[in-house]
Structures are given as C-alpha cells and as structure tokens.
Amino acid sequence: MTMIFGVPLAVFMGQLLLGLINGAFYALLSLGLAVIFGLLKIVNFAHGAMYMLGAFATLLGMRYLGINYWAALLLAPLFVGLLGMLIERVLLRRIGHLDHLYGLLLTFGLALIFEGTLVNFFGVSGARYPTPEALQGGYQTGFMFLPKYRAWVLLAALVVCFATWYIIERTRLGAYLRAGTENPALMQAFGVNVPLLVTLTYGFGVALAAFAGVLAAPLYPVSPTMGSNLLIVVFAVVVIGGMGSILGAIVTGLAMGLIEGLTKVYYPEAANTVIFLVMILVLLLRPAGLFGKEA
C-alpha cells in the first residue's frame, strides 16, 4: 500500500479532494464578500444568509415548482441577486454616508431575520436535495474514487471565480465599477449611472453566494443555519487574503480548504481552528492580508 507521510494514499487524496471542495465554497463566498467590500465598502454580514437562501430556493423550487437543478443554477442566483438589489436600494443606500459599522449591523440584523423566519417554517434539522442524475456516480482513478458531483462543484466554482476576477480586473466594465466607487462624482459627470452600478454590484455579490448555495444543496443538508455556520470561516478567509482583494479571496479560499483538509489527516483536533490560527499569524505579520495593499 502506497503511503504519504504515514497515511495511505487513498485517504490522503480523499481528504485533499474534500479540502479542495471546501476551498471552492470558501473561494466563492469570499469572492462575493470581497466584491461587495472592495467596491462598495459594505461589510456584508448577510452573506451567509444569501448562501442559505440560494440553497433553499433550489430545494423549494424543486418541491413546489418542479425546477430542476440545472435551471436552479441560473434562477436561484437571479432571485437572490434581485433580493440583494432591493436590500441595497431600500436599506443600505439610506445609511451609505454613515460609518461602515452601521452597514455591518444592518446586514447582521437581516441575516437573523432570514434565518429566524426559515427556522420557524422549516426547523433546523435540514433537508436533502438529490444529486442530479447526470452527475451521479464517479470515476475510479486507480488510487481513489472521484465522485462526479464533487468534480463538477470544483470545476464550476473555479470557472465562476476566475471569470469574475477577469471581468472586474481586465475589462472595461470592471474599470467602470472600480472608478465609480473610487470617484463617483467624476463618473457621474461622464454620464455613468453610479447608483445603478452600486445596486448591480451588490446584487452580483450576493448572487455569487446564492450560486454557492445551489452547488451546496446536493452535498450538505439544506437548513436555515447552514449560512451562519460558514460565515465566520469565510470572513477569516477574506481577512487572510486581504479585505477587498478579488484574487486574494479566490487563492486564499482554495488554499485554506487544502490546509484544512490536510490538517484533518495529520492532526484532526486542529482542523476546525487552523484557519483562525493562520488568520492570527497573517494579522500579526501582514495586517493588510496576503494580497491586500498596505494603507
């Protein structure tokens, strides 16, 4: 039996795959947070709730409307994105001129409302969403079994993450977004509708969280608390990568998933805390984050 540092190869690769899957979710969720904070300077504590709403929209859409998984990949993020645009337009815009703490408190309150409402209707036990038929089964690679659905999650998350990075950092639309948040008065003078740009950006950021929720529905129990359980870890990932850094959110999310997975192999007791230990080290050595810019 092939061993890697005293661990069977199949076990090592299995945990590496699980780490990559978790890292894909961390990357997607961190990316949404980084887009919202980096461009709008909003600390969005409702992000975990938007992830949960994406999963619930997928589940309830199948139960009551017959919407299949592939349609939910588009419709659930669209629904949550529109909800996010409404929140930005009606609530966040009214406190946009105040300290960032007010936005954090407002979004935290919204997260509690969404979670509490769904707990009241569905409880906390969680429900299962079936794996799409086309993605059932897996591949025998010789040293481990690779489930098709987990491979799909990793691929879809990477494509969405790097497409988002490319749009924001390498296209004219991304340049408008960055300029509109750094100097809104100047962009308004050039005829750019900055308030609409801000609303669309917030909607896109929460839609990324909802997309992660759709991907998560066949993997994890869909419950009202699934977002709050993940949010603190995701915030730690964002801090490690650098608040507002798009590339930092993606790379750090994947890396932290791998580190967490390897820790489960060699020192399981520390698996739930290793990301926070890394965060403390980064804050001590480089407070702006690994990819952040020093003030």
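The values are calculated or read from the model by the stated rules, or taken from the named source; none is laboratory data. Please read all numbers here as calculations on a predicted model, not as lab measurements. All Cβ positions, even for glycine, are placed from backbone atoms using ideal geometry, and neighbour counts span all protein chains on display. Note: areas computed on protein heavy atoms with side chains; ligands, DNA, RNA excluded. Shrake-Rupley method; radii C 1.70, N 1.55, O 1.52, S 1.80 Å.
See the values below:
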quantity	calculated
Distant-in-sequence amide H partners of Gly138 (H built 1.01 Å from N, under 5 Å)	Lys148
Among Gly203, Gly116, Gly227, residue whose mean-square fluctuation peaks in a GNM of the chain (springs only between Cα atoms under 10 Å)	Gly116
Protection-proxy order for peptides 159-168, 34-43, 138-147, each taking the mean of Cβ atoms within 10 Å per residue, highest first	34-43, 159-168, 138-147
For Ala127, residues with placed amide H under 5 Å, excluding near neighbours	Val222, Ser223
Descending semi-axes in whole angstrom, ellipsoid equivalent of segment 16-130, from the Cα gyration tensor	26, 18, 14
Estimated vicinal HN-Hα couplings, Hz - segment 109-122 in sequence order (Karplus 6.51, -1.76, 1.60; Gly, Pro = x)	x, 4, 4, 5, 5, 4, 5, x, 5, 6, 4, 4, 8, 10
Segment 66-174 - percent relative contact order, Cα under 8 Å, separation 6 or more	11 percent
Sorted peptide list for 169-176, 245-252, 232-239, criterion being average Cβ within 10 angstrom, highest first	245-252, 232-239, 169-176
Amide H within-cut-off set for Gly244, under 5 Å, with H built and near neighbours excluded	Gly38
Residue-by-residue Karplus 3J(HN,Hα) for segment 27-33, coefficients 6.51, -1.76, 1.60, Hz, glycine and proline x	5, 4, 5, 5, 4, x, 5
Percent carbon-and-sulfur accessible area, the chain, ignoring ligands, DNA and RNA, probe 1.4 Å	69 percent
Relative contact order (%) - the chain, alpha-carbon pairs under 8 angstrom, separation at least six	37 percent
Value in Å of the Kirkwood radius, where segment 21-222 supplies the Cα pairs that are averaged	17.9 Å
Share of alpha-carbon pairs per 5 Å distance bin for segment 221-295, given as whole %	3, 17, 23, 23, 18, 11, 4, 1, 0
Whole-Hz couplings from phi, Karplus 6.51/-1.76/1.60, listed for segment 162-174; x for Gly and Pro	6, 5, 5, 4, 4, 4, 6, 9, 10, 10, 5, 4, x
Val124/Val192 FRET efficiency (R0 51 Å; Cβ-Cβ; nearest 0.05)	0.70
